[in-house]
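So the structure is just underneath, and the comments pick up after that.
Every read-out reported here was derived from the displayed coordinates using simple, explicitly stated rules and does not represent laboratory data. Bear in mind the structure is a predicted one, so any value in this text is a computation, not a measurement. Positions of Cβ are backbone-derived with ideal geometry, glycine not excepted, and every protein chain shown enters the neighbour counts.
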Amino acid sequence: MTDVIAFFPGQGAQQVGMLSDIANEYSQINETFSEASEALGFDLWAMVSEGPDTTLNQTFNTQPALLAASVAIWRVITAHCPALTVVAGAGHSLGEYSALVAADAIDFSDAVKLVRRRGQLMEAAVPEGKGGMAAVLGLSDDQIDDVCEKASQAGLVEPANFNAPGQIVIAGEQAGIEKAIEFAKEAGAKRALPLAVSGPFHSSLMKAAAAEFEADLGAISWRAPKFPVYHNVGNAPATLEEIPQRLLQQLYSPVNWTGAIPAIRHHGDLAVELGPGKVIAGLNKRIDKSLPVIGTGDLASLQSVISRIQGGE
């Protein structure tokens, strides 16, 4: 196995102590986090290793931490598997930046600073306590649209993440979210519960953040990706000139992960999730069981992937 589809996780995959067992075995982990820490001006590895959760889970900390974690694992694999060929890649929200680093479309140090800024703007876009997100399980896309439309009479609420069939996240103003949870349960949702996030991400309420972020994206020296990166907006690769616009639109547009998998599926029969946790692997079991996703978030899983790739060289 040398040809793979590379998937990169987004927020929610982080946890204090992640990658600690891998760091003991592979120098690329500490080297990558040292590079990130130098770019940011503080010890990112200490935050990841020691926490507390409340600090790591702040959006502007989570984003560079997860980016560094995914890139570090990517570097371990590429160092030990020189014949690896990535035929396509995609990332869930923040993970799109990890995919672009792996595809050499942006320097890692630039990306770390960029996602830190992205997190700060996302948190600042809506006053604390005024917006949020909720997960709804067991309703169709059409039912979610109906729930959001009715709930928006109380406060704006929109679909934010189409994570898998029957697994959708909504985002919006707090009053709208509360009403949408009520309507979702009335419509037969198996579960509808608020998420512990600091804002209504991937909704139109993020347009204020996007307006400020545009200059940051424009200041980056972008390169053409070395493999196709499927963007959350449009579920398709972008030209070099389109990349900043896709990332800007992503801030206030839904993440259609359910649509990403069939769009990328034709590239191969095996995918690797590069980063902590197994969120994408879990989602894919609900989207397309014929495309297995192998995790790399702990030492045993990572070494298994390396062995499998090396065995195919």
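Over the C-alpha atoms of the stretch 95-244, the Rg to Rh ratio, Rh being the Kirkwood estimate, stands at 1.03.
Based on the Cβ-Cβ distance from Ser204 to Glu128, what FRET efficiency comes out when R0 is 22 Å, to the nearest 0.05? For Ser204 and Glu128, the calculated efficiency is 0.70. Largest GNM mean-square fluctuation among Val71, Val16, Val101, using the chain with Cα springs under 10 Å: Val16. Beta bridges per DSSP, both residues in the stretch 150-264: antiparallel share near 75 percent. Between Ser221 and Arg265, the modelled label-to-label distance comes to 4.1 nm, taking each label 7 Å out from Cα in the direction of the beta carbon. Extension gain for Asp142-Lys190 works out to 15.7 nm (0.36 nm per residue, less the C-alpha to C-alpha distance).
Residue-wise HN-Hα couplings along the stretch 263-278, as the Karplus relation 6.51 cos²θ - 1.76 cosθ + 1.60 with θ = phi - 60° gives them from phi, are 5, 9, 4, 5, 6, x, 10, 8, 10, 10, 8, 9, x, x, x, 9 Hz; Gly and Pro carry x. Extension gain for the segment Val87 to Asn24, taken as residue separation times 0.36 nm less the Cα-Cα distance, is 19.7 nm to one decimal. Note on the chain: antiparallel DSSP beta bridges, both residues inside, total approximately 50 percent of the bridges counted. Placing +1 on the Cβ of every Lys and Arg and -1 on the Cβ of every Asp and Glu, with no other charges, gives the stretch 172-313 a dipole of roughly 520 debye about its Cα centre. Give the angle, between 0 and 90 degrees and rounded to the nearest 10, that separates the Cα long axis of helix 299-311 from the longest principal axis of the Cα atoms of the chain. Helix 299-311 sits at roughly 60 degrees to that axis.
So if R0 is 35 Å, what FRET efficiency would Glu182 and Ser34 give, r being the distance between their Cβ atoms, rounded to the nearest 0.05?
Details: r = 48 Å, r/R0 = 1.38.
Computed FRET efficiency for Glu182 and Ser34 comes out at 0.10.
Once the Cα atoms are used to define both axes, helix 108-124 deviates from the longest principal axis of the chain by about 10 degrees.
Return the FRET efficiency for the residue pair Ala211, Gln303: r is the Cβ-Cβ distance, R0 is 51 Å, and the value is rounded to the nearest 0.05. Walk me through the numbers on the way to the answer.
Values: r = 45 Å, r/R0 = 0.88.
Once rounded, the FRET efficiency stands at 0.70.
Shape analysis of the stretch 55-120 yields a ratio of the Cα radius of gyration to the Kirkwood radius, Rg/Rh, of 1.00. Cα centroid separation, the stretch 171-185 to the stretch 78-146: 24 Å.
In whole Å, what three semi-axes, largest first, describe the equivalent ellipsoid of the stretch 177-296 built from its Cα gyration tensor (square root of 5 times each eigenvalue)?
Numbers: eigenvalues 146, 117, 30 Å².
One finds semi-axes of 27, 24, 12 Å for the stretch 177-296.
Counting residues in the stretch 131-197 as N, plug N into 2.2 N^0.38 Å and put the Cα Rg over that result. Don't jump to the answer; show the numbers that get you there.
Details: Rg = 9.9 Å, N = 67, 2.2 N^0.38 = 10.9 Å.
Ratio of Rg to 2.2 N^0.38 Å for the stretch 131-197: 0.91.
When Lys and Arg each count +1 and Asp and Glu each count -1, what net charge do the other residues less than 9 Å away from Phe183, Cβ to Cβ, add up to? Intermediate values should be presented prior to the final figure.
On the way: positive: Lys150, Lys179, Lys185; negative: Asp146, Glu182, Glu186.
Surrounding charge for Phe183 is 0.
Compared with the dominant principal axis of the Cα atoms in the chain, helix 27-40 is inclined by about 50°. Cross-linked pairs Lys179/Lys207; Lys130/Lys150; Lys150/Lys285; Lys185/Lys289; Lys190/Lys285: Cα-Cα separations exceed 21 Å for Lys179/Lys207; Lys150/Lys285; Lys185/Lys289.
When the charge dipole of the stretch 131-197 is built from unit charges on Cβ atoms (+1 for Lys and Arg, -1 for Asp and Glu) and taken about the Cα centre, the candidate among Leu193, Gln174, Gln153 whose Cα reaches farthest toward its positive end is Leu193. Computed over the chain, the P(r) tail beyond 38 angstrom holds 10 percent of alpha carbon pairs.
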